[in-house]
Amino acid sequence: MRRESRFKLSSALRPGTERSFEGNEERMSAAAGEFKRIRVAVVGTGEFGRNHARVYRELDGVELVGVFDKNPESAAAVAAEFRR
């Protein structure tokens with residue numbers, strides 16, 4: 001049984017709405033330009049943390065700047081393993 005929504009969706013924009021999106025693509029591409037790298041850090045070196053570090057290493061435009069864990073030896077090992 002489908003439940004009726006309290007909210008009505010409309011495909012038409014309200015007057016003035018289109019201006020809020022104008023030029024957004026240019027600002028987005030300037031912020032994520034091909035020469036700008038995004039700096040990330042991983043917190044936790046469990047299974048998910050190691051996977052995040054691996055994926056960040058493989059992505060273009062991403063710089064893995066730190067790996068943190070309660071166990072400093074584990075953090076150092078994961079950082080060394082996924083260092084570029």
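Read-outs throughout are calculated quantities, based only on the coordinates presented, and are distinct from any laboratory measurement. The structure presented is a predicted model; accordingly, all values stated were derived computationally and were not measured. In this analysis, Cβ positions are derived from the backbone assuming ideal geometry, glycine residues included, and neighbour counts consider all displayed protein chains.
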Completion exercise
Its Cα gyration tensor gives the range 37-84 an equivalent ellipsoid whose semi-axes in whole Å, largest first, are 17, 9, 9
Practice task
Please state the charge dipole magnitude for the range 37-84, taken about the Cα centre, from unit charges on C-beta atoms (+1 on K and R, -1 on D and E), reported in debye and rounded to the nearest 20.
Solution key: 120
